[in-house]
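**Student:** Supplied in structure tokens, the structure appears directly below.
The values are calculated or read from the model by the stated rules, or taken from the named source; none is laboratory data. Predicted model only: the values in this text are computed from it and were never measured. Here Cβ is always computed from backbone atoms with ideal geometry, including for glycine, and neighbour counts include all displayed protein chains. Protein only, heavy atoms only, side chains kept; ligands, DNA and RNA dropped before computing areas. Shrake-Rupley method; radii C 1.70, N 1.55, O 1.52, S 1.80 Å.
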Amino acid sequence: MNDAFKSVKINGESQGNENIKEKILVMSGKGGVGKSTFAANLAFSLALRNKEVGLLDIDMHGPSIPRILGLLDEKVYGEEGSIVPTKYRKNLKVMSVGFFTEADDAIIWRGPMKHNVIKQFINDVVWDELDYMVIDSPPGTGDEPLSIAQLLGKGTKAIIVTTPQDLALADVRKSINFCKQMSLEVLGVVENMSGFVCPHCGTLTEIFKSGGGRRMAEEMNVPFLGKIPIDPKVVEYSDSGRPYIEAVRDSETAKALNEIISNLDV
Ligand code: ADP
């Protein structure tokens, strides 16, 4: 376990979130696999079902949620010692360190400082009653996932997003082992960027191979949640600040995303 984490004495610290029914931590072994995209679409989709949802971005060094949801110009404000979150829609509250920094700021924080910020995000943000809190964690098993797992405590569930190739899968095993060590329930593994269907001729090309996510999930004894194909429109909508599944409903990618989310046991 890492030293920065040990030094902040957070054993047993999991108060302040009784108002959150389900806590879903979205993790990945590597960056760039589509974790933030999945987290944003998951939160949006749960909000569409008339649930009260909070989306918490704890990627301190590269927060993507403000861009993906078109909230780059949003600033949050304090109210009687609390922080009022931004809203994407009335039942989707959003908090990100990106709301406190400029786009090009390089944040230089050690583990304990990150821990304190994450603690404030849990305890001092006015989340009110939430059916779901979806947390977008930075890749890997470093300070941020460690802090959030400790702070949210028992009952926190994890989804691990990966791409199909071996290089990405090796790190997924570490994420699963992290969850086991931290007693997080692994809801399952999502294989993103899994093949590309040419919109002109319909040919399927396995750009990053395929099927590795399922094999790895079986090997590690955790559920496999499904494959999401590549669609260049995901990039287009993410860059323009709109959840992909709000904009696109009938593509293979949208169908796969919706099916995975509908089948989640939460
Ligand atoms: P991470 O959070 O893992 O770093 P992001 O969610 O930021 O990854 O996604 C990385 C890039 O890949 C973004 O440009 C995003 O729009 C794109 N992307 C994610 N999933 C898909 C997909 N299924 N098809 C096409 N592009 C995708």
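**Student:** Within segment 49-65, can you find the residues that are touching a Leu at 6+ places or on another chain (Cβ under 9 Å), within 13 Å of residue 243 (Cβ to Cβ) and not in a strand (DSSP E or B)?
**Tutor:** If the condition is that a residue be touching a Leu at 6+ places or on another chain (Cβ under 9 Å), within 13 Å of residue 243 (Cβ to Cβ) and not in a strand (DSSP E or B), then 65 is the only one that fits.
**Student:** When residues of segment 207-240 are filtered for being closer than 14 Å to residue 38 by Cα, small (Gly, Ala, Ser) and surrounded by fewer than 19 Cβ atoms within 10 Å (Cβ to Cβ), how many remain?
**Tutor:** Residues that pass the stated criteria total 0.
**Student:** If you don't mind, there's one more thing I want to ask. Return the pairs, sorted by first residue and then second, in which the second residue is polar (S, T, N, Q) and more than 12 Å from the ligand (Cβ to nearest atom), the first residue lies in segment 58-80 and is closer than 23 Å to residue 112 by Cβ, the beta carbons are less than 9 Å apart, and the residues are 6+ apart or on different chains.
**Tutor:** 58/96; 58/147; 59/96; 63/96; 63/101; 76/86; 76/96
**Student:** So residue 36 ticks every box in (1) open to solvent by less than 10 Å² (accessible area, probe 1.4 Å); (2) closer than 20 Å to residue 143 by Cβ; (3) of a type outside the set (Phe, Trp, Tyr) but one. Which box is left unticked?
**Tutor:** Against the list (1) open to solvent by less than 10 Å² (accessible area, probe 1.4 Å); (2) closer than 20 Å to residue 143 by Cβ; (3) of a type outside the set (Phe, Trp, Tyr), residue 36 comes up short only on (1).
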